[in-house]
Amino acid sequence: MSTQLSRILIVLCGILGTILLGLYFGVGFSVGLAQLPLDTTAAQVVSIGKEYRNLWFLGTWLQATGSLLSVIFFLALVQRANRTTSLAGLLTIVGSAVLLAVVLVEGVFTIGLAQAAVSGHPTTSLASFDIMSVFTYVYPIVPAPVIFLALGTILLGSHLLPKVFGYLAFGLGIAFAVVGLVGLFTTSLLTIVVLSLQALWVLAAAIAFLVFSGSEPVSPEDESVKFKDEKLPARS
């Protein structure tokens, strides 16, 4: 794969991932599925599960696929900055793995909610709804702060993107950490606000990556090979 094609694919992962996640939240809010109160009864959950079964399934796919593409973008930034084996790089990998785990577990309960409602299992449907509803509180507690604080460290220590993206990543990491604590005692809607800022950061970072990708740092391995080539005597 050519370097230019690789850059384009990385950028597309960042942009498409953000778009899919935006559609996930947009569809949920447009039909009221993202605003269901925690005291929703079993009868209401079953009714909504049956009526919007396909939307629950579609939402699960949008969230899982969008999150996967976003994680690929995050990890690509780490790899292109040559920080994969650094502490910040490893923390980004761990945070991304936790993020995907959280999203997939939430997806299991979302599908369970809709499927149980259609199958006539109201207790299972309600239990799935109760468990699914708490995952919005989990994301800003661990995965989001770890990913963005680590990415901020990496971007400030490299020339991959303008330094402002490193500072903004730090800001997002701190904001997620604060929301992760405050949101537990107030409302999970605070997370949505910071997620909107995250979406803007990813879109801007993806565009900047495409524009500034020509200034990517040379890896130590490539630099070593280049040095050896320069030292080799010319053949007669």
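Rule-based calculations on the coordinates, nothing more; no lab input. None of the values given here were measured: they were computed from a predicted structure. When we count neighbours, we look across all protein chains shown, and the Cβ atoms used for this are built from the backbone with ideal geometry, even at glycine.
Note on the chain: with charges restricted to the Cβ of Lys and Arg (+1) and Asp and Glu (-1), its dipole about the Cα centre is near 420 debye.
Okay, helix-only estimate at 222 nm for the chain: each DSSP H run of n ≥ 4 adds -39500 (n - 2.57), divide by all residues, round to 500 deg cm²/dmol; what do you get?
-27000 deg cm²/dmol
For the chain, treating each Cα as an identical point scatterer without solvent, what Debye log10 I(q)/I(0) comes out at q = 0.10, 0.11, 0.17 1/Å? Ignoring solvent entirely, the Cα scatterers give -0.53, -0.62, -1.18. As a proxy for reagent exposure, ILE192, ILE111, ILE154 were ordered by neighbouring Cβ count within 10 angstrom, fewest first; the result is ILE192, ILE111, ILE154.
Screening the chain for whole DSSP H helices with an alpha carbon extent of at least 18 angstrom along the helix axis and a mean Kyte-Doolittle hydropathy of at least 0.5 yields 3-30, 53-80, 87-119, 143-156, 163-185, 189-212. On the beta carbon distance between VAL211 and LEU9, with R0 = 25 Å, the FRET formula returns roughly 0.95.
One decimal place: the segment LEU36-LEU58 gains 6.2 nm when fully extended, by the rule 0.36 nm per residue minus the C-alpha distance. Among THR153, THR65, the order by Cβ neighbours within 10 angstrom, fewest to most, reads THR65, THR153.
Taking the number of Cβ atoms within 10 Å of each Cβ as an exposure proxy, the fewest-first ranking of THR191, THR40 is THR40, THR191.
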